[in-house]
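Engineer: A single structure is presented below for examination.
Derivation of every value follows stated rules applied to the coordinates shown; laboratory data play no part. Worth saying up front: this structure is predicted, and the values here are computed from it rather than measured. FYI the Cβ positions are ideal-geometry reconstructions off the backbone, even for glycines, and counts take in every protein chain you see.
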Amino acid sequence: MFDSATAVQEAAYGALNVAAVTGLGAEVWAHMPEIGPDADPLADSSVVIIHDTSIEPIGGKDGGLDKVTFQIITAVRKPDRGILTQLQGAVREQLEDREIAAFGVLLSRPILTSADSELQEDGQTYIGKQEFMTIVQPL
């Protein structure tokens, strides 16, 4: 069965789990990691998470054409936001207007639609959010 959200998640993971991102000390996660007293994904590295997706069916000749918006969350625990800025730049470089691929679908080149970042209350954790849009069509 065709699932636009899964296809985009797989394509984004493949595009981001590369040295341009991981070489900056980040782990790429396809889902939000477990966070708690015994599980802190920011303890040893920064993280890039393929997060929320939203799907808007837009028809197409035979149907099945979807506009998919997806978020990439970047989190770092450092004394300044420099590494966050570098990671967000690497994410953008790997996704924006690049060919991405997933089995059984055609994907348009993603477009960056928004980006922001903010310092959290602990004074050392920075969270960045980038939102991209792509069109997905089953083969």
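Engineer: Could you tally the net charge around residue 123, taking each other residue with its Cβ under 15 Å from the Cβ of residue 123, Lys/Arg +1 and Asp/Glu -1?
Structural biologist: Spelling it out: positives minus negatives among the neighbours equals -1.
Engineer: Moving to a separate point now. For the range 4-138, take every pair of Cα atoms, bin their distances at 5 Å starting from 0, and report each bin as a whole percent.
Structural biologist: 2, 11, 20, 23, 18, 12, 8, 4, 2, 1, 0
Engineer: Local charge sum around residue 17 (other residues, Cβ-Cβ under 15 Å, Lys/Arg +1, Asp/Glu -1)?
Structural biologist: Result for the neighbourhood of residue 17: -2.
Engineer: Also: I want the antiparallel fraction of DSSP beta bridges within the chain, as a percent rounded to 5.
Structural biologist: Percentage antiparallel, nearest 5: 90.
Engineer: Could you point to the residue in 69, 57, 85 farthest towards the positive end of the range 48-95's charge dipole, with +1 and -1 charges on the Cβ of Lys/Arg and Asp/Glu respectively?
Structural biologist: Sorting the options by dipole projection puts first 85.
Engineer: Taking springs between alpha-carbon atoms closer than 10 angstrom, which of 122, 66, 80 fluctuates most in the Gaussian network model of the chain?
Structural biologist: Result for the chain, Cα springs under 10 Å: 122 fluctuates most.
Engineer: For the pair residue 27/residue 58, report the inter-label distance in nm, with labels modelled 7 Å from Cα in the Cβ direction.
Structural biologist: The modelled label-to-label distance comes out at 3.5 nm.
Engineer: Can you give me the relative contact order of the chain as a percent, contacts being Cα pairs under 8 Å and 6 or more apart?
Structural biologist: 26 percent
Engineer: Would you report the distance distribution of C-alpha pairs in the range 70-139 as whole percents per 5 angstrom bin, up to the bin with the largest distance?
Structural biologist: Going out from 0 Å in 5 Å bins, the range 70-139 shows 4, 17, 24, 19, 14, 10, 7, 5, 2, 0 percent.
Engineer: Right, here's the next one. Can you order the peptides 17-26, 51-60 by their average number of other Cβ atoms within 10 Å per residue, highest first?
Structural biologist: 17-26, 51-60
Engineer: Suppose each label sits 7 Å from its Cα in the direction of the beta carbon; what would the residue 103-residue 121 distance come out to in nanometres?
Structural biologist: 4.4 nm
Engineer: Using +1 on the beta carbon of Lys and Arg, -1 on that of Asp and Glu, and nothing else charged, what's the dipole of the range 4-138 about the Cα centre, debye to 20?
Structural biologist: I would put it at about 420 debye.
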